[in-house]
Each structure stands twice: as structure tokens, then as C-alpha cells.
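Q: Got a structure for you, written out below as C-alpha cells; questions coming shortly.
The values are calculated or read from the model by the stated rules, or taken from the named source; none is laboratory data. All values derive from a computational prediction rather than experimental measurement. Ideal geometry is used to build each Cβ from the backbone, glycine not excepted, and the neighbour counts take in all protein chains shown. To get the accessible areas, we keep the full protein, side chains included, count just its heavy atoms, and leave off ligands, DNA and RNA. Shrake-Rupley method; radii C 1.70, N 1.55, O 1.52, S 1.80 Å.
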Amino acid sequence: MARFFKYKSADDLRAGAEKLGSPLPTSSDPSALFQPISIGRLAIGNRFCIQPMEGCDGTTDGAPDELTYRRYQRFGAGGAKLIWGEATAIDEAARMNPRQLWIHDGTASALEDMLSVCRKAHTESFGSVAGLAVGLQLTHSGRFSFRRPQLAMHDPLLDPLTLDKSTGKFVDASYPLLSDDALKRIEDQYVVAAGLAARIGCDFVDIKQCHRYLLSELLAARNRPGEYGGSLENRTRLVRNVIGRIRAEFPELTIVTRMNVYDGIPYVRRDRLALPTDSDDSGTGIPVPHLHPLQVAFGVDPNNHLKCDLTEPLQLAAWLREWGVAAINVSMGNPYANPHVVRPAEFAPVDGYDAPEHPLIGVMRHFSATASLQKANPGFPIIGSGYSWLQDFAMEAAASNVRDGRCSLVGVGRASLSHPDFVRHLQEHGTMNRKLICRTFSYCTNLMRSKDHPLGQYPTGCPPFDKEIYGPIWKEIEGKRNL
Ligand SMILES: Cc1cc2nc3c(=O)[nH]c(=O)nc-3n(C[C@H](O)[C@H](O)[C@H](O)COP(=O)(O)O)c2cc1C
């Protein structure tokens with residue numbers, strides 16, 4: 001399998017980026033990352049954000065379980081001051097898997113305990129919770145809801161890849177869309193969930209609009225008839241209504257959002273399309289056949305799916321600020337249909353395909369789109385994603401991005417599972433701990449995608465670097481594969 005990450009120094013990395021056509025500045029001075037910043041009323045003590053990282057390890061009724069508490073304990077002790085809690089469903093039918101967190105009356109106090117565990121660990125390590133903010137990402141999984149797909153629109157490229165597990169059939173044009181009334185009920189559920197989040201002491205809620213879950217799909221729903229489709233005003237009606245109602249009913253709660261600024265289009269393995277292959281490229285990802293202009297991909301040039309068109313994402317960012325959102329966490333892609341866009345990786349996940357582009361191109365796509373949003377919104381907290389593939393040099397790129405105003409905070413995803421205390425290590429030693437740096441081999445995604453767990457979902461974490469817990473789970477899965 002091709003290897004991409006061959007850099008021995010930040011100089012090598014910069015030269016590699018130049019060769020691929022874009023500059024990737026770095027800085028060996030991390031001080032910009034340790035400056036405080038405000039997100040609305042929240043004072044955040046440094047520029048590090050733990051990205052939402054689902055562990056798929058809740059109880060079947062949606063409460064955190066042992067491994068969930070452990071994850072937030074480790075994040076709390078790690079030193080990042082913005083802990084962006086993972087996807088938490090607003091309803092049972094909105095869950096992406098049977099162990100996803102789900103906020104309701106029956107789980108609220110356990111979620112409150114999870115926040116306490118996180119804050120207590122932070123206090124034990126840093127003396128107080130000053131400058132720490134921890135919240136939840138409220139989600140409706142839409143098309144990817146595990147019970148059955150709930151579509152905001154028909155997507156000619158994604159429908160044939162969307163499996164309705166309840167029937168074993170792929171979605172087609174006859175599959176019903178969520179009605180406008182159903183979307184109104186979903187607005188109500190968001191407001192109830194936000195009220196519970198406020199009650200249990202979340203510092204913020206994220207109204208999630210990324211990765212082609214429901215609100216992200218709505219952003220692209222140009223072909224949907226009615227009040228929630230067509231114009232950008234209509235496509236953003238649900239998020240606008242939800243934000244307005246939360247602000248009116250829970251004025252103390254800070255509202256943020258993680259949003260896709262570029263959807264891309266689905267990719268599949270070349271051999272799945274029955275195209276001629278040679279033995280080397282049969283597993284390589286290629287875009288699904290598609291017609292121009294593309295109709296339903298947000299932030300994408302309709303005549304070239306590889307190019308971002310940020311006209312609408314920039315308009316949406318401006319509106320979100322007007323509506324009262326206090327920070328935007330920028331993401332892109334779809335973890336099922338184009339994982340290389342969401343999280344550039346050295347090795348593909350089991351349900352993916354071999355890299356169709358150099359992962360550094362993917363990292364630079366994240367950085368450049370984030371920089372455009374930040375440039376259009378100077379002084380407003382914009383959080384960047386896609387750092388983990390940079391491995392040892394992630395924080396050098398991060399320091400430069402923050403220092404030079406290409407983002408305000410740096411979000412760390414996979415690397416936070418292998419090395420949850422990377423911030424403390426950076427503060428104390430000037431570098432991350434080499435022995436714990438995520439190599440983006442996709443173990444975490446592979447655990448998530450493994451089948452046949454008695455509860456319907458394997459938990460995920462980092463088998464290579466958090467061996468004590470996830471090593472045995474990985475072995476169990478490998479054993480099953482050998483059967
Ligand atoms: C195991 C796993 C769980 C994730 N869970 C979430 C989630 O709950 N919400 C979300 O917005 N993104 C989620 N992501 C995406 C990450 O937050 C992040 O955007 C992505 O991994 C790219 O950042 P990185 O390069 O630092 O890993 C998840 C990714 C992985 C690998």
C-alpha cells in the first residue's frame with residue numbers, strides 16, 4: 001500500500017506541500033496557541049479544541065457508559081480548553097447507531113455526570129476550570145439514522161449508496177422524504193434537547209450541520225419542494241428557527257455550530273464500478289459517475305466537484321453570526337461516502353477505498369476553506385479541522401494558522417484519542433509525545449464500522465496507543481474476521 005507521510009521535519013513538510021501546489025506555513029513557536037479567546041460570553045483559556053469524537057460506547061438508552069466517562073476524563077485532564085462534546089442525538093429515531101449518546105429526561109443526569117467528570121479532571125490537573133468550556137453536539141442523523149434513513153431530499157449520487165437496513169434495500173426515488181411537518185417536529189426536539197443541555201450545565205450547544213447528517217443535507221436541498229428546500233433562505237430555515245427559539249427560551253446558553261463548507265461527492269472503489277483495472281488500482285477511490293451541473297452538493301463548484309465554491313457557505317456564516325451563533329467549527333465531506341475529505345488518512349478505513357489524492361491535499365483543502373471563512377469574519381471564532389494527518393508537525397501548522405489569522409482555534413480529532421494530553425505535553429515539553437501521535441491508520445474508524453457486537457455497535461478508540469482498553473477489542477474483531 002502506498003505510504004504518503006515521509007516527512008522528517010517541518011521543512012520537509014513545507015517542501016512536500018509546495019510540490020503539491022500550495023504553501024503550508026508552519027511555526028515552531030506554539031505561543032499563539034496558548035492565548036485566550038472569547039466565544040460569546042465564554043472565556044476560553046487557549047486555542048485548542050477537542051473535536052467531537054464519538055466513542056459509540058453509550059448505553060442503549062443513550063446515556064454515557066464507562067468508556068464514555070473515561071474519554072471525557074482524559075480530555076478534561078489533557079489541557080485543551082474547548083471540549084466539543086460528541087454527537088448526541090435529539091431523539092431515538094435520530095441516532096446514528098444504537099450506542100450513540102441521546103439526550104432526554106432519562107439520560108440528562110448521566111450526561112451531567114459526564115460534564116462533571118471532565119471538569120473535575122481538568123481541575124485536578126490545572127487547579128480550576130477557569131477558561132474551560134465543555135458542551136454537546138446536538139445531532140439528527142437524517143439519512144444515516146440507524147433505524148431507517150430519514151431523507152431531507154433525494155440525492156441522485158447518494159441515494160443508491162444509502163441502505164435502508166430495515167428492508168435491506170437501497171434508497172431510490174420512491175423513498176419518502178421527511179415532510180415539512182416532520183421537520184417542524186424536529187425543530188421542537190432540538191429546542192427540548194437544548195433546554196436539557198442548558199439544565200445540566202453545558203457551556204454551549206452545537207447545532208450540527210456537517211457530514212451530511214440531517215441539517216447538513218438540508219443545506220444542499222436545492223431540489224426539495226416546500227418551505228425547507230430550494231432557495232438558501234429555505235434550506236436554512238430549520239437551523240434559523242432552532243437558533244432563534246433556543247436564544248429566546250434559553251438566553252444564557254451559548255450556541256455554536258459545526259458546519260460543512262464543502263460536501264464533495266461520493267467516491268467508491270474502482271472495482272465496484274466494474275471499470276477496467278490493473279491489479280494496483282482496483283481499490284482506489286474514484287468519484288461516482290455524475291452529471292454536470294451538480295445539483296445537491298453544498299459548497300461545491302457545480303461543474304467541478306473537486307473545487308470548493310464558498311459563495312453559499314460564506315453567506316450562511318454571515319447569517320449565522322446575525323442569528324447569534326458564537327463560533328463556527330469548519331468541516332467538510334461525508335464520513336461514509338467520501339471519508340478522505342473529512343479525515344485525510346494514511347490508510348483507508350475498511351468501508352472506504354485507497355486514497356484518490358495525496359492526504360496533504362485534503363489537509364490543505366481544510367486549511368484553505370477555513371482561512372476563507374476566517375478572512376471573511378475577522379475576529380470571529382472560526383475553528384479549523386483536519387490536523388491529525390500532519391502527525392508530528394500538526395501543532396507547527398496549527399501555530400502558524402492561528403498566529404497568521406487563518407483560524408482562531410485548532411480542532412484536533414483522531415490525535416486526541418491517541419494522545420488526549422497533547423496540549424499539556426506541548427506546554428511542558430514544546431512538542432507532542434512522539435510515542436502517542438496518531439498515525440491515521442484508521443483503526444478508530446474500523447472499530448466503529450465493525451459488525452456483530454451484541455449491543456449492535458462496537459465502541460471506538462485507539463487500539464495502537466490506548467492498548468490497554470482497545471487492544472483486546474481490536475483482537476476480538478480480528479478474531480472474528482479470521483473465522
Ligand atoms: C471515531 C471518530 C468519531 C467521530 N465523531 C464525530 C462526531 O461525533 N461529530 C463530528 O462532528 N465529527 C466526528 N468525527 C470527525 C472528527 O471530529 C474530525 O472532524 C475528523 O476526524 C478530522 O479531524 P482529524 O484530522 O483531527 O482527525 C469523528 C471522527 C472519528 C474518526
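Q: From the list Ile469, Ile473, which one is free of Cβ contacts under 8 Å to residues at least 40 places away in the same chain, in contact with a helix residue (DSSP H, G or I) (Cβ under 9 Å, 6 or more places away or on another chain) and within 16 Å of the ligand (Cβ to nearest atom)?
A: Ile473
So that you can scan it fast, the table gives a plain yes or no per residue for (1) aromatic (Phe, Trp, Tyr); (2) buried (at least 24 other Cβ atoms within 10 Å of the Cβ); (3) within 16 Å of the ligand (Cβ to nearest atom); (4) without any contact (Cβ under 8 Å) to a residue 60 or more places away in the chain:
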residue	(1), (2), (3), (4)
Ser28	no, no, no, no
Arg41	no, no, no, no
Ile50	no, yes, yes, no
Gly58	no, yes, yes, yes
His104	no, no, no, no
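Q: Looking at region 414-428, can you tell me whether even one residue there is touching a strand residue (DSSP E or B) at 6+ places or on another chain (Cβ under 6 Å), away from the ligand (no atom under 14 Å from the Cβ), touching a residue at least 24 places away in the same chain (Cβ under 8 Å) and not β-branched (Val, Ile, Thr)?
A: Checking region 414-428: not a single residue is touching a strand residue (DSSP E or B) at 6+ places or on another chain (Cβ under 6 Å), away from the ligand (no atom under 14 Å from the Cβ), touching a residue at least 24 places away in the same chain (Cβ under 8 Å) and not β-branched (Val, Ile, Thr).
Q: Working carefully through the options Leu291, Leu306, Leu320, find the one that is in a loop (DSSP other than H, G, I, E, B), more than 13 Å from the ligand (Cβ to nearest atom) and not polar (S, T, N, Q).
A: Checking each option against the conditions leaves just Leu291.
Q: Okay, next question. For Arg406, work out the one condition from (1) of a type outside the set (A, V, I, L, M, F, W, C); (2) farther than 13 Å from Gln51 by Cβ; (3) in contact (Cβ under 8 Å) with a residue 60 or more places away in the chain it doesn't fulfil.
A: Of the numbered conditions (1) of a type outside the set (A, V, I, L, M, F, W, C); (2) farther than 13 Å from Gln51 by Cβ; (3) in contact (Cβ under 8 Å) with a residue 60 or more places away in the chain, the odd one out for Arg406 is (3).
Q: Would you confirm, using the coordinates I've provided, whether Ala193 is farther than 23 Å from Glu312 by Cβ, in a helix (DSSP H, G or I) and within 16 Å of the ligand (Cβ to nearest atom)?
A: Yes.
Q: Moving on to the next point. Among the residues of region 429-449, which ones are part of a loop (DSSP other than H, G, I, E, B), farther than 23 Å from Glu124 by Cα and either more than 10 Å from the ligand (Cβ to nearest atom) or among the charged types (D, E, K, R) (or both)?
A: Ile437, Arg439, Phe441
Q: Does region 187-198 contain any residue that is in contact with a His (Cβ under 9 Å, 6 or more places away or on another chain), surrounded by fewer than 21 Cβ atoms within 10 Å (Cβ to Cβ) and among the aromatic types (Phe, Trp, Tyr)?
A: no
Q: Between Tyr267, Tyr262, which is open to solvent by less than 20 Å² (accessible area, probe 1.4 Å), closer than 29 Å to His366 by Cα and among the aromatic types (Phe, Trp, Tyr)?
A: After applying the criteria, what remains is Tyr262.
Q: Scan region 432-448 and report the pairs whose first residue is closer than 10 Å to Val350 by Cα and whose second residue is more than 8 Å from the ligand (Cβ to nearest atom) and open to solvent by 40 Å² or more (accessible area, probe 1.4 Å), with Cβ atoms within less than 6 Å and a gap of 6+ or a chain change.
A: Every condition considered, the pairs that remain are Ser442/Phe347; Asn446/Val350.
Q: From the set of residues in region 323-334 that are buried (at least 22 other Cβ atoms within 10 Å of the Cβ) and at negative phi, which is farthest from the ligand (Cβ to nearest atom)?
A: It comes out as Val325.
Q: Restricting to region 107-157, give me the number of residues that are of a type in the set (A, V, I, L, M, F, W, C) and open to solvent by 10 Å² or more (accessible area, probe 1.4 Å).
A: 9
Q: Find the residue count for region 270-311, including only residues that are open to solvent by 10 Å² or more (accessible area, probe 1.4 Å) and over 21 Å from the mean Cα position of the chain (by Cα).
A: Summing the residues that are open to solvent by 10 Å² or more (accessible area, probe 1.4 Å) and over 21 Å from the mean Cα position of the chain (by Cα) in region 270-311 gives 29.
Q: To continue, here is another question. For region 400-420, which residues satisfy the criterion of being in a loop (DSSP other than H, G, I, E, B) and either over 20 Å from the mean Cα position of the chain (by Cα) or within 21 Å of Tyr7 (Cβ to Cβ) (or both)?
A: Once the filter is applied, which keeps residues that are in a loop (DSSP other than H, G, I, E, B) and either over 20 Å from the mean Cα position of the chain (by Cα) or within 21 Å of Tyr7 (Cβ to Cβ) (or both), region 400-420 yields Asp404, Gly405, Arg406, Gly413, His419.
Q: From the residues in region 335-359 that are away from the ligand (no atom under 12 Å from the Cβ) and of a type in the set (A, V, I, L, M), which one is least open to solvent (accessible area, probe 1.4 Å)?
A: Ala337
Q: Right, another one. Checking Ser372 against (1) buried (at least 22 other Cβ atoms within 10 Å of the Cβ); (2) touching a Leu at 6+ places or on another chain (Cβ under 6 Å), which test does it fail?
A: (1)
Q: Please enumerate the residues belonging to region 386-403 that are aliphatic (A, V, I, L, M) and either touching a residue at least 60 places away in the same chain (Cβ under 8 Å) or open to solvent by 10 Å² or more (accessible area, probe 1.4 Å) (or both).
A: Scanning region 386-403 gives Leu390, Met395, Ala397, Ala398, Ala399, Val402.
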